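J.: Let me give you the structure first, and then I'll get to my questions.
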Amino acid sequence: MSMTRSPHSARQCAALGSVLSAALLLSGCGADVETDAEASAKVTVNRCGEPVEYTVPRRAVAYEGGSADKLFSLGLVDHVHGYVMPPANPPVTESPWAADYAKVKMLSDDLLNKEIVVEAKSDFVLAGWKSGFKDERGITPEILDKLGIQSFMHGESCYNYPGYPEKLTPFEALYTDLERLGRIFRVEKKADEVVGGLKKRVEAVKARAPQGDPLPVFLYDSGTDQPFTAGNQVPPDDIIKAAGGRNVFGDLDQRWTQVNWEAVAEAEPEVIIVLDYGDLPARKKIDFLRTSPHTKGLPAVKKDNFFVLDYNEGISGPRNIDGLEKFATYLRGLRR
């Protein structure tokens with residue numbers, strides 16, 4: 001964490017330098033010395049449900065846009081060494097923090113793995129459980145702990161983390177992540193400001209939500225034989241609810257999960273949210289839904305009620321609230 005001083009305090013330090021020793025000058029006026037002490041001190045923060053000791057990271061690696069956006073939203077670009085961005089993620093130039101992305105390294109355009117992290121000499125990795133961190137790929141918090149590399153997981157992915165589960169609603173998980181990252185990086189005040197702003201925006205949307213029975217909404221992620229959709233452990237569930245809709249698969253305690261077309265037809269969704277991937281564009285998915293015998297008779301398809309949600313508005317990150325505001329505006333504009 002960097003600390004700035006006013007020109008007035010800087011002049012005071014310079015004046016003192018003429019009469020005091022260099023050691024006294026540094027101890028009395030040099031904020032950077034205090035920063036180094038803070039960096040080496042440890043703070044205990046929960047990683048899912050597990051209390052973990054952290055020092056201030058200096059070479060953080062973020063997996064996917066949601067992770068990098070969380071760090072950049074807290075003003076932590078100087079603590080980020082690089083990011084890993086799989087093909088599904090849209091271009092980072094579309095991010096509100098595009099300038100920050102440009103200041104750090106793109107380490108890989110593939111899935112996260114241990115080799116990338118070790119080669120980068122990273123001291124901190126931010127990702128989700130069963131997405132970035134995965135036993136099958138040999139990169140888990142436990143493995144990184146043994147290598148002396150700190151790690152942190154998105155709260156919305158913690159509901160089934162082995163040994164230390166933690167269940168939060170997706171928006172609460174977003175706020176909690178930002179607050180915990182604020183503690184890890186010693187930027188608590190900035191985290192409070194960011195979280196406070198996001199909460200205000202959510203409450204403003206809720207206050208304008210349509211009255212009456214919420215419209216049934218189906219999120220279509222992908223899949224032709226069987227569709228992937230959103231359960232109640234991922235941000236689209238909270239996006240739909242806060243905007244005044246009802247996720248037709250919101251009773252599933254899952255993240256991104258597979259269902260069947262019969263269940264979709266039974267739910268009779270009035271609106272379909274289509275998740276837009278970098279490598280699987282929404283246009284192709286909508287064409288499929290309009291022509292497939294499974295879906296062409298759905299109320300949402302007949303009424304052409306499609307809403308496109310950007311990938312980074314659908315995975316855990318501050319852009320969730322951008323997606324909420326856009327979807328809420330769309331929902332309010334529909335004829336009932």
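J.: Please note which helices (runs of 4 or more DSSP H) are completely contained in region 84-187 and include at least 3 residues that are not assigned by TED's automatic domain parsing to the domain that holds Ala243 and not small (Gly, Ala, Ser).
T.: Those helices (runs of 4 or more DSSP H) span 114-119, 141-146, 170-184.
J.: Can you name the residue in region 84-93 that is among the β-branched types (Val, Ile, Thr) and without any contact (Cβ under 8 Å) to a residue 40 or more places away in the chain and is also surrounded by the most Cβ atoms within 10 Å (Cβ to Cβ) among such residues?
T.: Val92
J.: Go through region 314-336 and report how many residues are over 17 Å from Leu275 (Cβ atoms) and without any contact (Cβ under 8 Å) to a residue 24 or more places away in the chain.
T.: Residues in region 314-336 being over 17 Å from Leu275 (Cβ atoms) and without any contact (Cβ under 8 Å) to a residue 24 or more places away in the chain: 3 in total.
J.: For region 94-121, how many residues meet the condition of being buried (at least 19 other Cβ atoms within 10 Å of the Cβ) and free of Cβ contacts under 8 Å to residues at least 24 places away in the same chain?
T.: Final tally of qualifying residues: 0.
J.: While we're here: How many of the residues in region 51-83 are free of Cβ contacts under 8 Å to residues at least 12 places away in the same chain and in contact with a helix residue (DSSP H, G or I) (Cβ under 6 Å, 6 or more places away or on another chain)?
T.: Residues in region 51-83 being free of Cβ contacts under 8 Å to residues at least 12 places away in the same chain and in contact with a helix residue (DSSP H, G or I) (Cβ under 6 Å, 6 or more places away or on another chain): 0 in total.
J.: Is there a residue in region 274-281 that is touching a strand residue (DSSP E or B) at 6+ places or on another chain (Cβ under 7 Å), closer than 22 Å to Glu313 by Cα, surrounded by 18 or more Cβ atoms within 10 Å (Cβ to Cβ) and without any contact (Cβ under 8 Å) to a residue 40 or more places away in the chain?
T.: Looking for residues that are touching a strand residue (DSSP E or B) at 6+ places or on another chain (Cβ under 7 Å), closer than 22 Å to Glu313 by Cα, surrounded by 18 or more Cβ atoms within 10 Å (Cβ to Cβ) and without any contact (Cβ under 8 Å) to a residue 40 or more places away in the chain, one finds none in region 274-281, hence no.
J.: Search region 63-83 for residues being among the aliphatic types (A, V, I, L, M) and touching a Lys or Arg at 6+ places or on another chain (Cβ under 6 Å), and hand back the single one that is surrounded by the fewest Cβ atoms within 10 Å (Cβ to Cβ).
T.: My answer is Val77.
J.: Considering each of Ala204, Ala209 in turn, give the residue that is free of Cβ contacts under 8 Å to residues at least 60 places away in the same chain and either of a type in the set (Gly, Ala, Ser) or not assigned by TED's automatic domain parsing to the domain that holds Lys130 (or both).
T.: Matching residue, one of Ala204, Ala209: Ala204.
J.: Only one of Val301, Val234, Val271 is touching a residue at least 24 places away in the same chain (Cβ under 8 Å), surrounded by 18 or more Cβ atoms within 10 Å (Cβ to Cβ) and under 23 Å from Leu126 (Cα atoms); which?
T.: Of Val301, Val234, Val271, the one residue that is touching a residue at least 24 places away in the same chain (Cβ under 8 Å), surrounded by 18 or more Cβ atoms within 10 Å (Cβ to Cβ) and under 23 Å from Leu126 (Cα atoms) is Val234.
J.: Go through region 202-215 and give me each residue that's surrounded by fewer than 15 Cβ atoms within 10 Å (Cβ to Cβ) and in a helix (DSSP H, G or I).
T.: Step one: of region 202-215, the residues surrounded by fewer than 15 Cβ atoms within 10 Å (Cβ to Cβ) are 203-204, 206-208, 211-213.
Answer for region 202-215, where residues must be surrounded by fewer than 15 Cβ atoms within 10 Å (Cβ to Cβ) and in a helix (DSSP H, G or I): Glu203, Ala204, Lys206, Ala207.
J.: List the residue pairs whose Cβ atoms are under 6 Å apart, where the first residue sits in region 34-50 and is under 16 Å from Arg183 (Cβ atoms) and of a type in the set (Lys, Arg), the second is loosely packed, with under 15 Cβ neighbours inside 10 Å and at pLDDT 90 or above, and the two are 6 or more positions apart or on different chains.
T.: Close Cβ pairs (under 6 Å, with a partner that is loosely packed, with under 15 Cβ neighbours inside 10 Å and at pLDDT 90 or above) amount to Lys42/Glu53.
J.: Restricting attention to region 123-169, which residues are over 13 Å from Ser316 (Cβ atoms), of a type in the set (Gly, Ala, Ser) and either free of Cβ contacts under 8 Å to residues at least 40 places away in the same chain or surrounded by 15 or more Cβ atoms within 10 Å (Cβ to Cβ) (or both)?
T.: Gly138, Gly148, Ser151
J.: Taking the condition out of contact with any Asp or Glu (no Cβ under 9 Å at 6 or more places or on another chain), among the aliphatic types (A, V, I, L, M) and either under 20 Å from Ser131 (Cβ atoms) or assigned by TED's automatic domain parsing to the domain that holds Phe152 (or both), does Leu198 pass?
T.: So Leu198 fits the description; yes.
The values are calculated or read from the model by the stated rules, or taken from the named source; none is laboratory data. None of these values were measured; they are calculated from a predicted model. In this analysis, Cβ positions are derived from the backbone assuming ideal geometry, glycine residues included, and neighbour counts consider all displayed protein chains.
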